[in-house]
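Data block below; observations after.
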Amino acid sequence: MTTLRLILGDQLNPEHSWFSAHDDNAVYVLMEVRQETDYVRHHAQKIIAIFAAMRDFARQLRLSGHRVHYLGIDDPANRQSLTANLDVLLVQYSSCAFEYQAPDEWRLDQQLAEYASQLAIPGRMVDSEHFYSRRDEAAELFGERKQWLMEHFYRQMRMRHGVLMAGNGKPLGGQWNFDHENRKPWPGLPREPADWRSEHDHSALWENIRQSGVSSFGEPSAACFRWPLNRAEALQQLDDFIAEALPSFGDFQDALTYRAWRLFHSLLSFALNTKMLNPREVVGRAVDAHAAGHVPLAAAEGFIRQILGWREYVRGVYWANMPGYPAQNFFAHLRPLPSWFWTGETKMRCLAHALGQSLEHAYAHHIQRLMVIGNFALLAGLNPVEVHGWYLGVYIDAFEWVELPNTVGMSQFADGGKLATKPYVSSAAYIDRMGDYCKGCDYDKKARVGSLACPFNALYWDFFARNSQRLATNPRLAMVYRQLARMSPGDLQAVQARADQIGRSIEPL
Ligand SMILES: Cc1cc2nc3c(=O)[nH]c(=O)nc-3n(C[C@H](O)[C@H](O)[C@H](O)COP(=O)(O)OP(=O)(O)OC[C@H]3O[C@@H](n4cnc5c(N)ncnc54)[C@H](O)[C@@H]3O)c2cc1C
């Protein structure tokens, strides 16, 4: 008689209490299933990285003496759905109980809860032991409030967990947030840290995946494939980040450049989201680096805010708004994604770089995701459901609980402003100010009208003009609407005509 314990592909945490003692009656099950490769079309590197990390995790569990059943994607016994496989395995192992760790995605949570409830044996969900907060903690904090301010949640988290606190309920350095110091363009120095992550040869696994008929897109090649496949590699990456990149993280957090692909960002989201790393240890390392005088407070705080603040907060937003969140469409945007989202081939240099890099590395940093790709999608009125599908498929770290609130809420304002206090949109001026994307672009960053005018400019003013009923009363947009009011009717008409023409012929942009 055994207990069957299911481990999902984003639950690769060797520190989980399940593994603290050997239990000969426990059988750990990991499965590569079409159910998980096919719910959206994924970047090749994302499928490879998750399967390779799962294989490594199973290997390490076996090495430390645990019983493991692993179903590969091409295993003839694989029924390609979690529950269909569980049906067989529960019988095969004469199981008297079924256990699983709390899934982070609503669809898996539903599927497994339903499955466990209809079993004749006890089925139990246990904590994944990963996050700082409970699924419903943000909902509890915000209650009925219409707007959920991240900053409010973040301060509560700082206090509750005693992170960067001065000891008298006050934040270290007398300030909760150093965001205003984190907005510099990158002049080229200090140099972007070298990519110290190890390369992996995944050709055999990729062949397996391809032959199994899994559809994907993006660049699978070994030259770019350096995602950590186990905790040891993730810890090494964390060490390197703290030593080499964190000191400059704050300064250039919002910078945009075609001369560097990750700047001083950590690239830790894959390791965090698959739970190889625990957020507490990552935050703890940043706190220690600051205490040791290695990292300025603004850099440590800026980094910690992303993990202790944003990451936990968006998870709370997700659970409070499911299952209806993916269908939100405040602006009723319905335009399909242009084909160049899948090729990066557009004359707009900022988009060509941010999209091209996403397709090559399965990665773009936050400001590329938000202020280049997401900015264009919102201004151009792309359908948020399609935008969500694209983001969920393309990024190495994309799991719905974190991707959806970022895309639908923060980036597309499709929830009407529950998460963001105003739409994150800009004209070419912001993109130009934050870096060098506009240099050498075919489009004129200053012009609003004419076939060579940067499309962001006309789209920006047109967006605010056509949404004035929805947005003009927002106090954070008062200045935008004052500027719009000063535009002559003729100028506005010309801008709207240009925006209309862009919308009708988006493909050749
Ligand atoms: C439209 C859009 C979609 C996004 N989709 C995802 C996604 O699918 N998965 C994902 O993990 N992040 C997502 N983000 C948030 C953020 O862009 C990524 O976490 C970050 O770029 C990952 O790179 P990094 O590890 O180098 O991050 P760093 O810049 O080094 O930040 C450190 C860590 O902070 C956390 N973090 C930073 N910003 C956020 C945020 N807004 N929300 C949650 N966690 C955050 C991540 O765990 C990240 O690893 C998205 C952002 C936008 C605007």
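The values are calculated or read from the model by the stated rules, or taken from the named source; none is laboratory data. Every value quoted in this text rests on a predicted model; they were computed, and no experiment measured them. Note that each Cβ is placed from the backbone with ideal geometry, even for glycine, and that neighbours are counted across all protein chains shown.
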> Which residue out of Trp319, Trp340 is under 29 Å from Ser133 (Cβ atoms), in contact (Cβ under 8 Å) with a residue 40 or more places away in the chain and either outside any loop (DSSP other than H, G, I, E, B) or within 11 Å of the ligand (Cβ to nearest atom) (or both)?
Replying inline: Trp319
> If only one of Tyr430, Tyr437 is surrounded by fewer than 20 Cβ atoms within 10 Å (Cβ to Cβ), of a type in the set (Phe, Trp, Tyr) and at pLDDT 95 or above, which one is it?
Replying inline: Tyr430
> Of the residues in region 370-388, how many are within 12 Å of the ligand (Cβ to nearest atom) and over 12 Å from Pro338 (Cβ atoms)?
Replying inline: 8
> What residue, among those in region 349-369 that are within 14 Å of the ligand (Cβ to nearest atom) and of a type outside the set (A, V, I, L, M, F, W, C), is nearest to Gln412 (Cα to Cα)?
Replying inline: Arg369
> Assuming Gln11 fulfils every condition listed in (1) more than 24 Å from Asn273 (Cα to Cα); (2) out of contact with any Pro (no Cβ under 6 Å at 6 or more places or on another chain) apart from one, which condition is it?
Replying inline: (1)
> In region 111-141, how many are assigned to a helix (DSSP H, G or I), out of contact with any Ser or Thr (no Cβ under 7 Å at 6 or more places or on another chain) and touching a residue at least 12 places away in the same chain (Cβ under 8 Å)?
Replying inline: 7
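Quick one: is Pro247 of a type outside the set (A, V, I, L, M) and away from the ligand (no atom under 12 Å from the Cβ)?
When the stated conditions are applied, Pro247 passes them.
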> Which of (1) within 16 Å of the ligand (Cβ to nearest atom); (2) crowded, with 21+ Cβ neighbours inside 10 Å does Thr346 not meet, given it meets every other one?
Replying inline: (1)
>> For region 108-143, which positions are of a type in the set (A, V, I, L, M) and surrounded by 13 or more Cβ atoms within 10 Å (Cβ to Cβ)?
In response: Leu108, Leu112, Ala113, Ala116, Leu119, Ile121, Met125, Val126, Ala138, Ala139, Leu141
> Which one of the conditions (1) over 17 Å from the mean Cα position of the chain (by Cα); (2) part of a helix (DSSP H, G or I) does Ala332 fail to meet, given that it meets all the rest?
Replying inline: (2)
>> Test of understanding: among Ser248, Ser221, Ser269, which residue is out of contact with any Gly (no Cβ under 9 Å at 6 or more places or on another chain), closer than 26 Å to Ser128 by Cβ and hydroxyl-bearing (Ser, Thr, Tyr)?
In response: Ser269
> Taking region 399-454 as the region of interest, how many residues are among the aromatic types (Phe, Trp, Tyr) and free of Cβ contacts under 8 Å to residues at least 60 places away in the same chain?
Replying inline: 2
>> Among the residues that make up region 66-78, is at least one of them out of contact with any Leu (no Cβ under 6 Å at 6 or more places or on another chain), touching a residue at least 12 places away in the same chain (Cβ under 8 Å) and assigned to a helix (DSSP H, G or I)?
In response: no
>> What pairs come out if I take residues in region 362-378 that are on the phi > 0 side of the Ramachandran plot and pair them with residues that are near the ligand (Cβ under 8 Å from one of its atoms) and not in a helix (DSSP H, G or I) whose C-beta lies under 8 Å away, six or more apart or interchain?
In response: Ala362/Tyr395
> If Arg262 satisfies every condition in (1) more than 10 Å from the ligand (Cβ to nearest atom); (2) surrounded by fewer than 22 Cβ atoms within 10 Å (Cβ to Cβ); (3) under 26 Å from Ala420 (Cβ atoms) but one, which is the exception?
Replying inline: (1)
> Does Leu235 meet the test of being buried (at least 18 other Cβ atoms within 10 Å of the Cβ), within 15 Å of the ligand (Cβ to nearest atom) and not charged (D, E, K, R)?
Replying inline: no
>> Tell me yes or no: at least one residue of region 188-197 is touching a strand residue (DSSP E or B) at 6+ places or on another chain (Cβ under 8 Å), at negative phi and among the hydrophobic types (A, V, I, L, M, F, W, C).
In response: no
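Name the single residue, out of those in region 265-303 being polar (S, T, N, Q) and assigned to a helix (DSSP H, G or I), that is farthest from the ligand (Cβ to nearest atom). Full working, then the answer.
First, the residues of region 265-303 that are polar (S, T, N, Q): 266, 269, 273-274, 278.
Then keep just the ones that are assigned to a helix (DSSP H, G or I); that gives 269, 273.
Details: Ser269: 3, Asn273: 5 Å.
Residue satisfying both the conditions and the ranking: Asn273.
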> Just wondering, is there one or more residues in region 330-337 that are closer than 27 Å to Lys445 by Cα, within 15 Å of the ligand (Cβ to nearest atom) and either modelled with pLDDT of 95 or more or of a type in the set (Lys, Arg) (or both)?
Replying inline: yes
